[in-house]
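Right, one structure below, let's go through it.
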Amino acid sequence: MTHPQPAPEPPTPSSVDQLARAGGIRLYGSRFQQNPTHLYSEMRAEHGPVAPVLLEGDVPAWLVLGYREIHYVTTNPQIFGRDSRRWNAWDRVPSDWAPLPYVAYQPSAVFTEGEEHRLRGGALHEALAGVDHFELRKQVEQIADELIDVFVVRGQADLMAEYALPLPLLAISRLYGMPESDAPALVRDVMASGDSGEEAVRAHERVAARIGGLVAEKRRRPGADLPSRLLAHPIGFSDEEVERDLFLCMGAAQLTTADWTGNTLRLMLTDERFALTLAGHRRSIGQALNEVLWEDTPTQNFIGRWATRDTRLAGRVIRKGDLVVLGLAAANTDPDVRPNSYADAVGNQAYMSFSHGEHGCPYPAREIAESITETAVQVLLDRLPDLELATTADALVWRPSVWMRGLTTLPVRFSPA
Ligand code: HEM
């Protein structure tokens, strides 16, 4: 007599680690520096909308390349959470891992979830929405004029180091109601804190001390500024919580807005559709800003979300605690959503560049970024009407980062004044 055999166990699906190692897609290195769009379409063709990848140090993660899939992930925070402490690969992360600042849990609005995020994020949203854009644009005009005054006599400049990079931080210092005399030191310290070594640590401490002093001052003497609005919010923020959110906004605004400015100027200086209208047609600035968010968005890939339980995404088995990286740049060129080139996207603002859902870049923050960037480009073109690139378009070098897309330098020349 034969006994019935037990049904075979279904095969255990491979983990993201095994798949990433077998597939060998490394989401780092110089390959991504010049033409990442091409690489994303290759990855999509080979792996579909969700690909197993290895981040720096061969840390495994899922990269979501599909627009619809990112939409799904970001609108389902109960499945794809924001709190990084649930990551199942912490033991693989070295202490000097470059993306650690984006991943290490901090008690700021970014890593909160559920009701807590609704309250904290909501308060931040309201405080950002209180910004007077007429006043902001006036302040940015003044900042832009002062930066241009420094190099206008030379007839040449590096628009990244001398314009696009310092400008957003100077604008943020005005939104924070900082004394204007403190702003240059803040810019120096924030830039220095991005390097490594002892001096970077000291620079970071000076930034923290400045923000701490600012919050204490605004508690004593409130003004029409972001810190005062946060302190006055009925939620009852502590000074420490306000400091954290001011740090968060400064970090979220600086390089993103700088790269949006730099990438827009690059487009206008290298593409003859814009070159023809550089001096005269204001409308083209808005088109260039929009095109950059589709084609060369500042935040290319974003870490991230962590699965709260085992689940499936585009047929992939995602394990509880797996890291999911949002491939925002890849989503913008997803052929399912955008079959042709930018020609079909003019005026369309459905890009994923600011992400989506309750943790997406807050709408008032997007408007702040737009006021800063648009004014910065406008003032520059008004002041330097014969502005041109001082090198060839091909010689421009992108920074070697898979996370942010921006130029190392943007050398230009113009008639000195
Ligand atoms: C071109 C400029 C900018 C870009 C491309 C950008 C992009 C992003 C992205 C991709 C995220 C992550 C979304 C996610 O987790 O799904 C984010 C979050 C955030 N951004 Fe922006 N951002 C920009 C400017 C700004 C500015 C100017 C501010 C503030 C003044 C700001 C404040 C924030 C904040 C507070 C968050 C966290 C939201 C949360 O977790 O609740 N951003 N941004």
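As a calculated quantity, the FRET efficiency between Q106 and A417 at R0 = 45 Å, using C-beta atoms, amounts to about 0.50. Computed from Cα positions, the angle between helix 166-175 and the longest principal axis of the chain comes to roughly 90 degrees. Treating only the Cβ of Lys, Arg, Asp and Glu as charged (+1, +1, -1, -1), what charge dipole size does the chain show about its Cα centre? Round to the nearest 20 debye. Charge dipole of the chain: 680 debye, to the nearest 20. The slack between H204 and E141, meaning 0.36 nm per residue of separation minus the straight C-alpha distance, is 19.9 nm. Projected label points at R154 and R26, each 7 Å from Cα along the beta carbon direction, are separated by 3.7 nanometres. Each peptide among 195-208, 40-53, 369-382, 304-317 gets the average number of other Cβ atoms lying within 10 Å of its residues, and from highest to lowest they stand as 369-382, 40-53, 304-317, 195-208. Only Lys, Arg, Asp and Glu carry charge here, each on its Cβ (+1 for the first two, -1 for the last two); on that basis the range 26-141 has a dipole of about 180 debye about its Cα centre. Among C249, C361, the ranking by other beta carbons within 10 Å of each residue's beta carbon, starting with the fewest, stands as C361, C249.
Scoring 96-102, 25-31, 351-357 by mean Cβ neighbours within 10 Å over their residues and listing the highest first yields 351-357, 25-31, 96-102. Kindly identify the range 16-413 as rounded, prolate or oblate by the Cα gyration tensor criterion: order the square roots of the eigenvalues as a ≥ b ≥ c, call it rounded if a/c is under 1.5, otherwise compare a/b with b/c, prolate if a/b is larger, else oblate. In terms of gyration-tensor shape, oblate. Taking the longest Cα principal axis of the chain as reference, the axis of helix 283-295 is set at about 30 degrees.
For helix 114-129, report the angle its Cα long axis makes with the longest principal axis of the Cα atoms of the chain; keep it between 0 and 90° and round to the nearest 10°. The answer is roughly 20 degrees. With the charge dipole of the chain set up from +1 on Lys and Arg Cβ and -1 on Asp and Glu Cβ about the Cα centre, the Cα lying farthest toward the positive end among the listed residues W398, A258, Y67 is that of Y67. On the beta carbon distance between T391 and Q33, with R0 = 22 Å, the FRET formula returns roughly 0.85.
In this simple spin-label model, placing a label point 7 Å from the Cα along the Cα-to-Cβ direction at both R118 and D239 gives a separation of 3.2 nm. Which net charge results for the neighbourhood of E146, defined as the other residues with beta-carbon distances under 14 angstrom from its beta-carbon, given Lys and Arg at +1 and Asp and Glu at -1? For residues surrounding E146, the net value is -2.
Where a number appears in this text, it was derived from the coordinates with a stated rule and is not lab data. Keep in mind the model is a prediction, meaning the values are calculated, not measured. When we count neighbours, we look across all protein chains shown, and the Cβ atoms used for this are built from the backbone with ideal geometry, even at glycine.
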